1. Evaluate segment 114-132: report whether one residue or more is modelled with pLDDT of 95 or more, loosely packed, with under 15 Cβ neighbours inside 10 Å and closer than 19 Å to P190 by Cα.
2. On the basis of being among the hydrophobic types (A, V, I, L, M, F, W, C), assigned to a loop (DSSP other than H, G, I, E, B) and modelled with pLDDT of 95 or more, does L27 make the cut?
3. Residues in segment 154-209 that are in a strand (DSSP E or B), farther than 23 Å from K135 by Cα and within 13 Å of the chain's Cα centre (by Cα): how many?
4. Is it the case that some residue within segment 215-223 is within 22 Å of L171 (Cα to Cα) and modelled with pLDDT of 95 or more?
5. Any idea which residue in segment 12-24 is modelled with the lowest pLDDT, counting only those that are of a type outside the set (G, A, S) and within 12 Å of V111 (Cα to Cα)?
6. Do we find that D138 is in a loop (DSSP other than H, G, I, E, B) and acidic (D, E) in this structure?
7. Could you tell me whether segment 75-96 includes any residue that is of a type in the set (D, E, K, R), surrounded by fewer than 16 Cβ atoms within 10 Å (Cβ to Cβ), modelled with pLDDT of 90 or more and more than 20 Å from R212 (Cβ to Cβ)?
8. Pairs needed: first member in segment 140-161, touching a residue at least 60 places away in the same chain (Cβ under 8 Å) and farther than 8 Å from I186 by Cβ; second member anywhere, acidic (D, E) and in a loop (DSSP other than H, G, I, E, B); C-beta distance under 7 Å; at least 6 residues apart or different chains.
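The values are calculated or read from the model by the stated rules, or taken from the named source; none is laboratory data. Fair warning: this is a prediction, and the values are worked out from it, not measured in the lab. With ideal geometry, Cβ positions are generated from the backbone for all residues, glycine too; neighbour counts draw on all protein chains shown.
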Amino acid sequence: MRILANQYREEVVGLGTDILLQRKVKLKDKVFVTGFHGVGYVGFLAIQHLVKALNAEKIGFILTDSLPPLVRMDDNSLVAPYELYSSGRFIFLLTNVPLAQDAMRPFCENVAEWVSENGLREAILIGGLDVNTKKEGDESLLRIAATRRYIAANVPKDPMLESELYIVGPLAYLLLFFEILDFPAIAVLPYAHTNLPDPRAASVAVRYFAERYGLDVNISELMKKAEEFEKQLKQIEHLEEKIEKIRGAGGPGTYYI
C-alpha cells in the first residue's frame, strides 16, 4: 500500500495497516481514546461527540488493505473511514465505518503497538454493554474492564465487568494487545440498548471521560439525539401493538407499510 508522501508524513506499516500522520504531533504522554460500532454504537457516538465538543484537529488517517471505498462530506471537509484527531492531552481515533472482520486483528494490533511505541500515557476505550445483562436491582450505569498495568496505577471506583460476560470485536482485540504490551488501558462500557443506536448510553461514557480528566463537555446534543431515538422507538412499539391487536381480532397476518 503506497500513497504520495509529504514532509509531514509518518508511517507505520505492517500487517496490512498504515498509520499516516499529516503533520508532526507530540504523542508522548498523550491519552489515546477510541470506540467502535458495537452495542448501541456507543463507542462511535461517544468519540464522534468528543471530537466535535473538544474541537479536535484532524491529524491523520489509518489505511487498511480492506479499506472500504467510502467517503462523505461534513462541514466542508471529507470524512474518511478511519481518522486520527488531536485535542490537548488527547489523541482520538474516530472509526466512521465499522471494521471488516478480516481487518480487526491487524488493525488493532498495529494501533496498539503504535500507541505503546510512541510513549502515550494510557488508553481509554469506549463500548457498550447489552442492557439485558444488567442484574435486577443494579443501579450502576456501566461496567469497566482494564489491563493489569492500568489497575496497578489506578484504583477503579466503578464495578468491573462480571467474569461470565465477554467483550467481543475490536475493543476486545485492543484490550488484549494492550495487556500483552503491558500498557495501561481501560474499557468503559455503559449499559446500552441493542436495537437502536443509544446516544443516552454514549452520554454516560462521555460524562465518565469528562470526570476522569477534569473536563467540561456539553452532552446536550447527545441527549437530543437520545430523545429522538426513544421517540422513534415508542412509535415503532405502538405500531407493533396496533398490528398485534388487529391480528388478534382475526385480521390478515401480514401488513406492508
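1. Within segment 114-132 (the criterion being modelled with pLDDT of 95 or more, loosely packed, with under 15 Cβ neighbours inside 10 Å and closer than 19 Å to P190 by Cα), the answer is yes, since at least one residue qualifies.
2. Yes, satisfied.
3. Result for segment 154-209: 0.
4. no
5. Quick first cut of segment 12-24, residues of a type outside the set (G, A, S) only: 12-13, 15, 17-24.
Then drop every residue that is not within 12 Å of V111 (Cα to Cα), which leaves 12-13, 15, 17-20.
Values: V12: 51, V13: 45, L15: 55, T17: 89, D18: 94, I19: 95, L20: 96.
The residue in question is V13.
6. yes
7. Applying the first criterion (of a type in the set (D, E, K, R)) to segment 75-96 yields 75, 83, 89.
Filter once more, keeping what is surrounded by fewer than 16 Cβ atoms within 10 Å (Cβ to Cβ): 75, 89.
Filter once more, keeping what is modelled with pLDDT of 90 or more: 89.
So of that shortlist, the ones also more than 20 Å from R212 (Cβ to Cβ) come out as none.
Within segment 75-96, none of the residues are of a type in the set (D, E, K, R), surrounded by fewer than 16 Cβ atoms within 10 Å (Cβ to Cβ), modelled with pLDDT of 90 or more and more than 20 Å from R212 (Cβ to Cβ).
8. Cβ pairs passing all conditions: L142/D158.
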